[in-house]
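Visitor: One structure, as structure tokens, below. Some questions next.
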Amino acid sequence: SQQGEEDPQALSIQEGENATMNCSYKTSINNLQWYRQNSGRGLVHLILIRSNEREKHSGRLRVTLDTSKKSSSLLITASRAADTASYFCATDAGGFQKLVFGTGTRLLVSP
Amino acid sequence: EAGVAQSPRYKIIEKRQSVAFWCNPISGHATLYWYQQILGQGPKLLIQFQNNGVVDDSQLPKDRFSAERLKGVDSTLKIQPAKLEDSAVYLCASRTYRTSGRGTQYFGPGTRLLVL
């Protein structure tokens, strides 16, 4: 079963704009991870944030985590057409890093 | 470093037939995962191996799905007999073992299965 929901389900923006997607989950976690999936391909790990962290940056990516609200957000700044993909959050709540994925946000960045 | 390899990339079968997928993880990765991703949904874990032992198979439909990881390296996932609802992408992932809670899963390109 899915751990949580992502919002919005789909997002369409222009190049250069920022994209924000949100993830909500249900149980306590060790960490939360974001993955990208291009059409017809496997998933690529983007960033991991631990439960004791509130914000993390990696290049044009900014992730926040609010454990009290059981939610996370992924911000992509200055988006590019190449950012077009589906983005999934995944929570790790167990000892062997069993990941439970959300439903995903489909991002379309138009030139 | 070579990535996770999967084959075949595509498979079309009729319902009630059997099918097998193969995965070769990144060298040295002790943990191997099989996920099922139905169109429009996130991946769902089917089974997780630590070396050649099963860690979690709670969401594996054991009446029709089976998986093995002989010698703790390559793995195969089998469906017998297949149902229409098994149409999905089957993803394999691997990870080095960590106890600290960190550790990235590296995914293969997946096998897209269509059951007619």
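The values are calculated or read from the model by the stated rules, or taken from the named source; none is laboratory data. All of these numbers come straight from a predicted model, not from anything done at the bench. Note that we place each Cβ from the backbone using ideal geometry, even for glycine, and neighbour counts take in every protein chain shown.
Visitor: Pull up the stretch A:64-95, narrow it to residues that are over 21 Å from B:L45 (Cβ atoms) and assigned to a loop (DSSP other than H, G, I, E, B), then point me to the one that is farthest from the other protein chains (Cβ to nearest Cβ).
Guide: Looking at residues that are over 21 Å from B:L45 (Cβ atoms) and assigned to a loop (DSSP other than H, G, I, E, B), I get A:A78.
Visitor: Being at pLDDT below 90, under 15 Å from A:A85 (Cα atoms) and not in a strand (DSSP E or B) is the filter here, so list the residues in the stretch A:4-51 that pass it.
Guide: Passing the criteria: A:S39, A:G40, A:R41, A:G42.
Visitor: Six or more apart or on different chains, Cβ atoms under 6 Å: show the pairs whose first residue is in the stretch A:27-45 and facing chain B (nearest Cβ under 10 Å) and whose second is surrounded by 22 or more Cβ atoms within 10 Å (Cβ to Cβ) and not in a strand (DSSP E or B).
Guide: Short answer, once both residue conditions are applied: A:G42/B:G108; A:G42/B:G110.
Visitor: Could I ask something else about it? Restricting attention to the stretch A:96-110, which residues are more than 10 Å from chain B (Cβ to nearest Cβ) and not aliphatic (A, V, I, L, M)?
Guide: Applying the first criterion (more than 10 Å from chain B (Cβ to nearest Cβ)) to the stretch A:96-110 yields A:105, A:107-110.
Correct list: A:T105, A:S110.
Visitor: List the residue pairs whose Cβ atoms are under 8 Å apart, where the first residue sits in the stretch B:32-52 and is more than 17 Å from A:G40 (Cα to Cα) and facing chain A (nearest Cβ under 7 Å), the second is of a type in the set (D, E, K, R) and surrounded by fewer than 24 Cβ atoms within 10 Å (Cβ to Cβ), and the two are 6 or more positions apart or on different chains.
Guide: Filtered contacts from the stretch B:32-52: B:L45/A:K98; B:L45/B:D56; B:Q48/A:K98; B:Q48/B:D56; B:Q48/B:D57.
Visitor: Does the stretch B:14-23 include one or more residues that are crowded, with 18+ Cβ neighbours inside 10 Å, within 14 Å of chain A (Cβ to nearest Cβ), out of contact with any helix residue (DSSP H, G or I) (no Cβ under 8 Å at 6 or more places or on another chain) and at pLDDT 95 or above?
Guide: yes
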